[in-house]
1. Based on Cβ point charges of +1 for Lys and Arg and -1 for Asp and Glu, what charge dipole magnitude is obtained for region 64-144 about its Cα centre, in debye rounded to the nearest 20?
2. When ranked by the protection proxy of mean other Cβ atoms within 10 Å per residue, highest first, what sequence do the peptides 111-119, 76-84 form?
3. Taking the Cβ of Thr72 as the centre, find all other residues whose Cβ is under 10 Å away and add up their charges (Lys, Arg: +1; Asp, Glu: -1).
4. Sort 101-108, 152-159 by packing, meaning the average of other beta carbons within 10 Å per residue, with the highest value first.
5. Once you list every other residue whose beta carbon is under 13 Å from the beta carbon of Leu196, what net charge do they have if Lys and Arg are +1 and Asp and Glu are -1?
6. Run lengths n ≥ 4 of DSSP H only: what is the helix-derived mean residue ellipticity at 222 nm for the chain, with -39500 (n - 2.57) per run over all residues, to the nearest 500?
7. Calculate the dipole size of the chain relative to its Cα centre from +1 charges on Lys and Arg beta carbons and -1 charges on Asp and Glu beta carbons; express the result in debye to the nearest 20.
8. Relative contact order for region 1-157: what percent, with Cα pairs under 8 Å and sequence separation of 6 or more?
Amino acid sequence: MPDVSQYQKIKNSLPENVTLVCVSKTYPVEDIKVIYNAGQRDFGENKVQEILAKKDLLPNDIRWHLIGHLQTNKVKQILPYVSLIQSVDSEKLLNKIQQQSLEFGQVTSILLQIKIAEEDTKYGIGFKEAELILEKFKEKNYPNIELKGLMGMASFTENQDQLKAEMNSLSSFYDAYKKQYSFSILSMGMSSDYSLAIKCGSNLVRIGSAIFGNRY
Ligand SMILES: *Cc1c(COP(=O)(O)O)cnc(C)c1O
C-alpha cells in the first residue's frame, strides 16, 4: 500500500515552485486512488498501454505524464490522454508527434529528454543533437508542439559528486536556452536523488517508490 503520510511529508517538503509527479508505473489503480484522494493529480507512467488501461478506471482530472520511451507507432493512441510527454528522445518522434497533433487539431506539450547519465542504457539525446533540434523549433517546424523544457535522469549511483555533475550539466544547458525558448520545466530527480536535483535547479520531480513502496 502507498504511504499517505510519506506522500504528504514529501509534498510539504518541496519548495513552492516544484511540481511533484507521482510515478505510478507497476502499481495498481487502488494504490493510485489512495494518493489521488490525498490530493495528488499529476501521475507518471513509462508505458503507453499502462496509461490507457488505468485512465478508464480513475478520475479524468488526472494529468498523465509519459516518462518512458515512446514508440512512434503508439503516438496516435496516447496523444488524446497525455498531459505532458517528458520523454521525447528523437527527431523522428518529434515529427510523428507534430503530424499526429496536427491531425487531431491539438497542441501537445513535451519535454526533450537529455542523456546525462554515464550508463548507456538510458534513453535521451545528447547536448549536441539537442541543439540541432532546438534550431528546428526556432525555424517553426513544430507548430503543434509546445516545448516546455527538458527532462533528465542521472546515473544510478550513490556518488554525490557524479550525480551533482550530471545534474548541473543539464541545469546549465536549461539555463542557457530558458529565455529564448520560454522554458518553464526542468524535470530532474527521483526517489533517491530529488533533494539534490532541486538544489541543482529542478522544478519537477518524479517520485515513485518513496511514496508507493517497493515495486511489485
Ligand atoms: C521509474 C521512474 C521514476 C521514479 O523512480 P523511483 O525511484 O521509483 O522514484 C522517475 N523517472 C523515470 C523516468 C522513471 O522511469
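Quick note: the coordinates plus some simple rules give every number you see, no bench work behind them. Everything quoted here is computed from the prediction, not taken from an experiment. Quick reminder, even Gly has a Cβ in these numbers, built from the backbone with ideal geometry, and neighbours come from all protein chains shown.
1. On the way: 10 positive and 10 negative charges, 60 e Å.
That gives region 64-144 a dipole magnitude of about 280 debye.
2. Working: 111-119: 20.7, 76-84: 17.4.
Highest-to-lowest ranking by the protection proxy: 111-119, 76-84.
3. Numbers: positive: Lys74, Lys76, Lys92, Lys96; negative: none.
Combined, the nearby Lys, Arg, Asp and Glu give +4.
4. Values: 101-108: 14.2, 152-159: 18.0.
My ranking of the peptides, most packed first, is 152-159, 101-108.
5. On the way: positive: Lys164, Lys199; negative: Glu158, Asp161, Glu166, Asp193.
Here the charged neighbours net out to -2.
6. Details: 9 runs with 89 residues, N = 216.
Calculated at 222 nm, the ellipticity per residue is -12000 deg cm²/dmol.
7. Working: 26 positive and 25 negative charges, 89 e Å.
Around 420 debye, computed over the chain.
8. Values: 227 pairs, mean separation 26.2, N = 157.
So the answer I get is 17 percent.
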